[in-house]
Amino acid sequence: MVGIKKSRWLPVVVVGTILLFFYLPILILMIFSFNDSRSLTVWAGFSTQWYTQLFRSRDMMEAVMTSVSVALISTLISTFVGTLAAIGLSKSRKVVKEVVLQVNSLPILNPEIVTAIGFMLLFSAFTIQRGYTTMLLAHIAFSIPYVILSILPKLRLLDPNLAEAALDLGATPWQALIKVIVPQILPGIVSGALIAFTMSFDDFVISYFVTGNGVKNISILVYTMSRRINPTINALSTILVAIITIALVLINVLPMMKKKEKVSYE
Amino acid sequence: MRKLIQFKNIVKDFDGTLVLKGINLDIYENEFVTLLGPSGCGKTTLLRILGGFLEQTQGEVMFDQIEISKVPPYKREINTVFQRYALFPHMDVFDNIAFGLRIKKQSEEIIKQKVTKMLKLVGLEGYDHRAVTLLSGGQQQRVAIARALVNEPMVLLLDEPLGALDLKLRKEMQLELKKIQKEVGITFIYVTHDQEEALTMSDKIVVLNEGEIQQIGTPTDIYNEPENRFVADFIGESNILEGIMIDDYRVYFDDKEFECVDYGFNDNEEVDIVIRPEDLDIVPLDMGKLTGTVVSSLFKGVHYEIVVKTQDRHMIIHTTDDATVDQEVGLHFFPEDIHVMSKLGAY
Amino acid sequence: MRTFSNLVKPYIAWMSVFIVVPMLLIILYAFTTVGNEVLPFKFTLDNFIKFFDPVFLRVLGKSLQVALITTVISILIGYPVAYFIANVKENIQTLLILLVTIPMWINMLVRTYAWISILSDNGLINSFLSKIGLPTVTMMYTDFAVVLGMVYNFLPFMILSIYTVLAKLDKALIAASYDLGANRIQTFIKVVFPLSLPGVISGITLVFLPAVSTFVIPKFLGGGNYMLIGNLIETQFITVGEWNFGSAISLIMAMIIMISMVITKKFDKNVEENNSSGGGRLW
């Protein structure tokens, strides 16, 4: 227990108020997705019409598909490349390592908008038509640095002799990688992939600057629709919030339950 | 005995630092060879070159008459027990030992047989499905040995494998390793900085310092006939003095001439002389070849360690009889206890 | 092993194309103007000179001001929240931290958009006010709405980074402080707070940097005419098509951010040096 703890109610009030501040807007957003009228402020009765409209809207469904497929593909590629790069870095000479990490940290330190216009200028310099492919490339590019940063600490903890032991026992470098190194750093790879997925799925700024030809992800759609407010966005958001909450609860609760199982087993 | 490994003029240069300065060494079948030296002497580097984890800057490594420098580690018939074991933490004992066999795609039935046999050899029967992370240091050590030996290598490399164990366990494992080596009948190459470990286990000791071989010999040779000051100093406790070899069998030091058993030096050559503490004896004043005053006496369990200040130096004596501090005593030794070494040093 | 270090090579190539080249392009655009057909680029400092117009400087000033206010409010709210969370039972800590984290996983645009229906003239707050007979208040398209939106979006970063440090604080230090006669408040001022400063500083970076550069929040809650530096850049690229000027502004913003990072890093180092006898590295 740290320091001051005079009153019992003050912490509850402060933390409670902040949590209310965080969740109230989201809750209101979700409630009005079931509103029978177009209004976002006046309750006119329960209805699921906005959900029906959402699934009928081609724009919406296309945006969802774009968001999901870009996130999945960019996560897959950035996790693969990032894992190999991180392993390579951990065995590289110090100079190489420092330079690569320095450059690698640029997109993380830079404001998103700067990274975004960088990509925009890049694609225009190579006269690549902006659209789905450019969005995908940009997402892969901004995810890899995060993947590398989440794997490197795991590699630092790895006994450098493990890979050598595998080679010594007859494994080829590739087998050593798959059978020994990857299983050891798996938690880092998984958390890197999760970060990559959410970064991609939630991205607005970079997607906005590098897309074109009417290709939109969910964020861009919300941005362009904000002027014509429409409860289908509430409906879509409600679904997303539900999925994310369930996923997060599963991720956080499952390991806890496993731990308990182990304890009782022993 | 067949020559199994030949190092021919191995030089290793790490970014301008010469770690190995031209190593020539032959290793035979079924030998227990120890590479002994202080940290930074190049012993681990030499072992890693043989394992295939480093490539030498110059020279050749012959294995069974074939040059193997370009052969990757996974194609060498050599296995290694690493310093901190390097057991795969995500696999249990059985899977760790079976790793090499599975890579070679042997049938699970044969793997089961071989692993069980190995577990028996290292005294870990029934530990098959324990998590390696929950084993004690000594048990992990045994798993590492089993994991290497199960592949039936022609040579087993051991890189300071007992360094992480406590003293008592270390002594037990020394004997056990020797036993295992006799049982499997292959060459063991053992790296250590612990001279006692080397003397206990080895058939042949290679003493290294600053990237150069100082002496190669049996434990007895190395202990009794050190070839230079470094070896004498590194192996066991010694009184090392400087003197002059007057003639064959006659050496001069501390203002006196002594009879000795060494010969073949130049007349009046400056030499280093070793007298082991246990070869010195404390005798009455008039019977000593040298005389001095007792400075200190410490009981060491089996013997007393007595320091006597003679005219020119302090001499360490190991003896079973105590002596009184400040007492004037004589020191006695036989001609064969004087060991004369050339100052030219290295091999 | 050489074999493994080779694995980084493809990424070095990729990184050069997707990180280094874009940076160089921004610099190139910032220092040039559209030239003739022979030389498509012409070196110039005009883009930077143009920025020193009072109109643009006011935008920069406003951005810094809004970001600063957001950061201060985030510390004032975030510190007590982090402190209280760090002081409850461990499993409740995990739960509360999860609750603080969940909103961060929800699309930022959606979260910001949610505020529109609360703050607008006929939104929830104003309908409530008129229902109880109070005059309505204009909140949308004001500085208040923008700062509120920023605090809402970035406060979790502040809470989390302060919490991380407080949760790892060696409890023995607090016991030692009591043992030496300090009361709760003295212990907080002399022991807990100084040791938690690294968390506050990393929180400042995590709040100030996105707050300075965001253009979504001002656009949603400040309205179409609300200009912060992020909006200025967006306009140059998307609406006006002045890529050279836009690049120059980006470069200026990147420089400001680099400088503020260096300053906070330095401050951070000082704090850590002062703490070296206490907690050492805290995260």
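State log₁₀ I(q)/I(0) for the stretch B:91-201 at q = 0.13 Å⁻¹ as given by the Debye formula over alpha-carbon point scatterers of equal weight, solvent excluded.
Cα-only, vacuum Debye calculation for the stretch B:91-201: -0.48.
Write down Rg/Rh for the stretch C:73-132, rounded to two decimals, with Rg from the C-alpha atoms and Rh from the Kirkwood relation over Cα pairs. Please list the in-between numbers first.
Numbers: Rg = 16.1 Å, Rh = 14.1 Å.
Taking Rg over the Kirkwood Rh, I get 1.14.
Please report, in Å, the Rg and the Dmax of chain C, where both are computed over Cα atoms only.
23.6, 79
Could you compute how much accessible area chains C and A hide from each other, both sides summed, with a 1.4 Å probe? Nearest 100 Å² is fine. Can you show the working numbers first?
On the way: alone 17200 and 17310 Å², together 26780 Å².
Interface between C and A: roughly 7700 Å².
Net charge within 14 Å of A:ALA166 by Cβ-Cβ distance, Lys/Arg positive one each and Asp/Glu negative one each, not counting A:ALA166 itself?
Details: positive: A:LYS91, A:LYS179, B:LYS75, B:ARG76, B:ARG102, B:LYS104, B:ARG147; negative: A:ASP159, A:GLU164, A:ASP168, B:ASP95.
Around A:ALA166, the surrounding residues sum to +3.
Compute the accessible area of each residue in the stretch A:28-67 twice, once for its chain alone and once with every protein chain present, using a 1.4 Å probe on heavy atoms, and list those whose area falls by at least 40 Å².
Residues meeting the cut-off: A:ILE28, A:LEU29, A:THR41.
Residues of the stretch C:31-275: accessible area per residue at 1.4 Å, in Å²?
Working: 11290 Å² over 245 residues.
Accessible surface, normalised per residue, equals 46 Å².
If B:LEU298, C:LEU57, C:LEU195 are ordered by their accessible area, calculated over protein heavy atoms with a 1.4 Å probe, which sequence runs from highest to lowest? Could you put the intermediate results ahead of the total?
On the way: B:LEU298 95, C:LEU57 70, C:LEU195 15 Å².
Reading off the accessible areas and sorting them downward yields B:LEU298, C:LEU57, C:LEU195.
Under Stokes-Einstein, with the Kirkwood radius over Cα pairs standing in for Rh, what whole-number D in µm²/s applies to the protein assembly as shown at 4 °C and 1.567 mPa s? Write down the numbers at each step before the final one.
Details: Rh = 33.7 Å.
Rounded to a whole number, D works out at 38 µm²/s.
If one takes the longest principal axis of the Cα atoms in chain B, at what angle in degrees, from 0 to 90 and to the nearest 10, does the Cα axis of helix B:137-149 lie?
70
In Å, what Rg and Dmax follow from the Cα atoms of the stretch B:1-88?
Taking only Cα atoms of the stretch B:1-88, I get Rg and Dmax of 13.0, 38 Å.
Using only C-alpha atoms and all pairs of different ones, pull out the Kirkwood radius for the stretch A:54-172 in Å with one decimal.
Details: mean 1/r = 0.0595 Å⁻¹.
The answer is 16.8 Å.
How charged is the neighbourhood of B:LYS70? Take every other residue with its Cβ under 12 Å from the Cβ of B:LYS70, and add Lys/Arg as +1 and Asp/Glu as -1.
Details: positive: B:LYS75, B:ARG76; negative: B:GLU55, B:GLU60, B:GLU67.
Summing Lys and Arg as +1 and Asp and Glu as -1 gives -1.
Got a number for carbon plus sulfur as a percent of the protein assembly as shown's accessible area, 1.4 Å probe?
On the way: 25550 of 41790 Å².
Result for the protein assembly as shown: 61 percent of the exposed heavy-atom area is carbon or sulfur.
Need one number: buried accessible surface between chains B and A, 1.4 Å probe, both sides summed, DNA, RNA and ligands left out, in Å² to 100.
1800
Along the charge dipole of the stretch C:1-117, pointing to its positive end and built from +1/-1 on Cβ of Lys, Arg, Asp and Glu, which listed residue (C:VAL17, C:ASN107, C:LEU96) has its Cα farthest out?
The residue sitting farthest along the positive end of the dipole is C:LEU96.
Give me the accessible area of B:ARG48, 1.4 Å probe, in Å² rounded to the nearest 10.
Rounded to the nearest 10, the figure is 70 Å².
Provide the FRET efficiency to the nearest 0.05 for the B:TYR28-A:ILE108 pair, computing r from the beta carbons and using R0 = 60 Å. Intermediate results must be reported in sequence, preceding the final value.
Details: r = 58 Å, r/R0 = 0.96.
The calculated FRET efficiency here is 0.55.
Which percent of Cα pairs goes in each bin when the distances of the stretch B:237-342 are cut into 10 angstrom slices starting at zero?
16, 48, 27, 9, 0
For A:ARG58, B:ARG229, A:ARG8, what's the largest-to-smallest order of accessible area, 1.4 Å probe?
Details: A:ARG58 175, B:ARG229 100, A:ARG8 205 Å².
Result, largest first: A:ARG8, A:ARG58, B:ARG229.
Below 8 Å between Cα atoms, with a sequence gap of 6+, how large is the relative contact order for chain C in percent? List each step's numbers first, then the result.
On the way: 296 pairs, mean separation 72.3, N = 283.
The value is 26 percent.
Gaussian network model of chain B, Cα springs within a sub-10 Å range: biggest mean-square fluctuation belongs to which of B:ALA164, B:ALA148, B:ALA232?
B:ALA164
With N denoting the number of residues in the stretch A:154-196, provide Rg(C-alpha) divided by 2.2 N^0.38 Å, to two decimal places. Walk me through the numbers before you get to the answer.
On the way: Rg = 11.4 Å, N = 43, 2.2 N^0.38 = 9.2 Å.
Rg over 2.2 N^0.38 Å, computed on Cα atoms: 1.24.
Could you give the Stokes-Einstein D for the stretch B:3-224 in µm² per second, using the C-alpha Kirkwood radius, 20 °C, 1.002 mPa s? Walk me through the numbers on the way to the answer.
Values: Rh = 17.9 Å.
Approximately 120 µm²/s, per Stokes-Einstein.
List the lysines whose Cα sits under 25 Å from the Cα of C:LYS89, skipping any in the same chain fewer than 8 residues away.
A:LYS5, A:LYS6, A:LYS258, A:LYS259, A:LYS260, A:LYS262, C:LYS168, C:LYS171, C:LYS190
If you take the C-alpha gyration tensor of the stretch A:1-47, multiply each eigenvalue by 5 and take the square root, what semi-axes do you get, largest first, in whole Å?
Details: eigenvalues 279, 13, 9 Å².
One finds semi-axes of 37, 8, 7 Å for the stretch A:1-47.
For B:VAL271, what residues show an amide H to amide H distance below 5 Å, using hydrogens built from the backbone and excluding near sequence neighbours?
Sorted by chain and number, the residues that satisfy this are B:GLY243, B:ILE244, B:MET245.
What would the Debye formula give as log10 I(q)/I(0) at q = 0.19 Å⁻¹ for the alpha-carbon point model of the stretch C:107-221, no solvent?
-0.92
Which entries of B:LYS112/B:LYS171; A:LYS97/B:LYS75; B:LYS168/B:LYS204; B:LYS171/B:LYS300 show an alpha-carbon separation above 21 angstrom in the structure shown? List each step's numbers first, then the result.
Working: B:LYS112/B:LYS171 31 Å; A:LYS97/B:LYS75 30 Å; B:LYS168/B:LYS204 24 Å; B:LYS171/B:LYS300 19 Å.
Beyond 21 Å: B:LYS112/B:LYS171; A:LYS97/B:LYS75; B:LYS168/B:LYS204.
Give me the one-decimal nm value for the distance between modelled label points at B:GLU270 and C:VAL34, 7 Å along each residue's Cα-to-Cβ direction.
8.7
Write down the Å³ per residue value for the convex hull defined by the alpha carbon atoms of the stretch B:189-246. Write down the numbers at each step before the final one.
Numbers: hull volume 5.6 nm³, N = 58.
Looking at the stretch B:189-246, the number lands at 96 Å³ per residue.
Using a 10 angstrom cutoff on alpha carbons, build the Gaussian network for chain C and name the most mobile of C:SER250, C:SER63, C:SER16.
C:SER16
Can you give the FRET efficiency for A:THR52 and C:THR101, using 1/(1 + (r/R0)^6), R0 = 51 Å, r = Cβ-Cβ distance, to the nearest 0.05?
On the way: r = 32 Å, r/R0 = 0.63.
My answer for the efficiency is 0.95.
Accessible area drop of at least 30 Å² (1.4 Å probe, protein heavy atoms): which residues of the stretch B:51-76 qualify, relative to the chain alone?
B:PHE53, B:PRO73, B:TYR74
In terms of Cα to Cα distance under 23 Å, which lysines are near enough to C:LYS62, apart from those fewer than 8 places away along the same chain?
C:LYS50, C:LYS219
To the nearest 0.05, how large is the calculated FRET efficiency for A:TRP43 and C:LEU134 if R₀ is 25 Å and r is the Cβ-Cβ distance? Please report the intermediate quantities before stating the final value.
Values: r = 20 Å, r/R0 = 0.82.
After rounding to 0.05, the efficiency reads 0.75.
To the nearest 20 debye, what charge dipole does the protein assembly as shown have about its Cα centre, counting +1 at the Cβ of each Lys and Arg and -1 at the Cβ of each Asp and Glu?
Working: 76 positive and 83 negative charges, 1410 e Å.
Charge dipole of the protein assembly as shown: 6780 debye, to the nearest 20.
Based on the alpha carbons, how large is the Rg to Rh ratio for chain A when Rh follows Kirkwood? Kindly include the intermediate steps, with their values, before the conclusion.
Working: Rg = 23.2 Å, Rh = 22.0 Å.
Ratio of gyration radius to Kirkwood radius for chain A: 1.05.
Using a 1.4 Å probe on the protein heavy atoms only, what accessible surface does B:PHE299 show? Give it in Å² to the nearest 10.
Surface accessible to solvent at B:PHE299 totals approximately 130 Å².
Compute the distance in nm between two label points, each set 7 Å from the Cα along the Cα-to-Cβ direction, one at C:ASN122 and one at A:SER191.
My value for the distance between the label points is 4.9 nm.
Using only protein heavy atoms and a 1.4 Å probe, report how much of C:PHE52 is accessible, in Å² to the nearest 10.
That residue has around 140 Å² of solvent-accessible surface.
The values are calculated or read from the model by the stated rules, or taken from the named source; none is laboratory data. What you are looking at is a predicted structure, and each value in this text was computed from that prediction instead of being measured. Cβ sites come from the backbone with ideal geometry, for glycine too, and all protein chains shown count toward neighbours. Protein only, heavy atoms only, side chains kept; ligands, DNA and RNA dropped before computing areas. Shrake-Rupley method; radii C 1.70, N 1.55, O 1.52, S 1.80 Å.
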